[in-house]
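The next block holds one structure in the form of structure tokens; read it before the comments.
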Amino acid sequence: MDVSAAKGLTLCSHTGVAYRFGPGALCLELLITGGPGSYRRHEVLHEPADLAAWADRSRLTPTPALDISQAEVADTRGLRDALFRVIIAHTRGEPHPPRDLEAIIEAAARPAMAPAITPAGKRQWAGTPTGTHLASTVARDAVELLTGPFAHRVRTCAAEDCHLLYVDTSRPGRRRWCSMEHCGNRHKVRALRARHTEEG
């Protein structure tokens, strides 16, 4: 799960306000690119360049120079949808969907991106990773997350109209919001208005 230090993602609310979102795991970062069912309307992975752009924004450090085929984009979307369903089931304490779990296991079994070091001591990626290497790296991250010490801390944002998933890596384990500056702040504003209404 510690592929690298998180860069943090900048998302945009439906009102156009930008905010930072730190899901805490590479596999959860992939889930913001779309998803199954009603989440299909948020799809952003259409071309190899789209998947490369996601990798650039992800916690992968340094940004890998990827060689991605169109078929690998479709495969990554399929993996993402399987991850979505498995992780949602996990947060609800439900059994993991067998077919989706198998898709994650198959992806994780393929060769992943391999870290390397330059003569100057800098981190890099060995060779030219493909979309399949990237998908395997994401799938392995998911396996580590769902079987590791933070497995019980994978959560959905507490806001009723937000479905972002994150892993609560805070020491007390009391994180409720995808982002304090977005959903957390909206909750504060609503609570303040409710108090003023009661007092008035």
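The values are calculated or read from the model by the stated rules, or taken from the named source; none is laboratory data. Since we're looking at a predicted model, the values are computed, not measured. Cβ atoms come from the backbone with ideal geometry, glycine included; neighbour counts cover every protein chain shown. When the accessible area is computed, the model is the full protein with side chains, heavy atoms only, and any ligands, DNA or RNA have been set aside. Shrake-Rupley method; radii C 1.70, N 1.55, O 1.52, S 1.80 Å.
Details
- By average C-beta atoms within 10 angstrom, highest first, the peptides 79-89, 59-69, 28-38, 116-126: 79-89, 28-38, 59-69, 116-126
- Per residue solvent-accessible surface (Å²) - the range 59-156, probe of 1.4 Å: 51
- Cα-based shape type of the range 17-79, given that a ≥ b ≥ c are square roots of the gyration tensor eigenvalues and the cut on a/c is 1.5: oblate
- Here the convex hull built on the C-alpha positions of the range 76-123 has a volume of 99 cubic angstrom per residue.
- With all protein chains in place and ligands, DNA and RNA left out, the 1.4 Å accessible area ranks Glu160, Glu43 as Glu160, Glu43, largest first.
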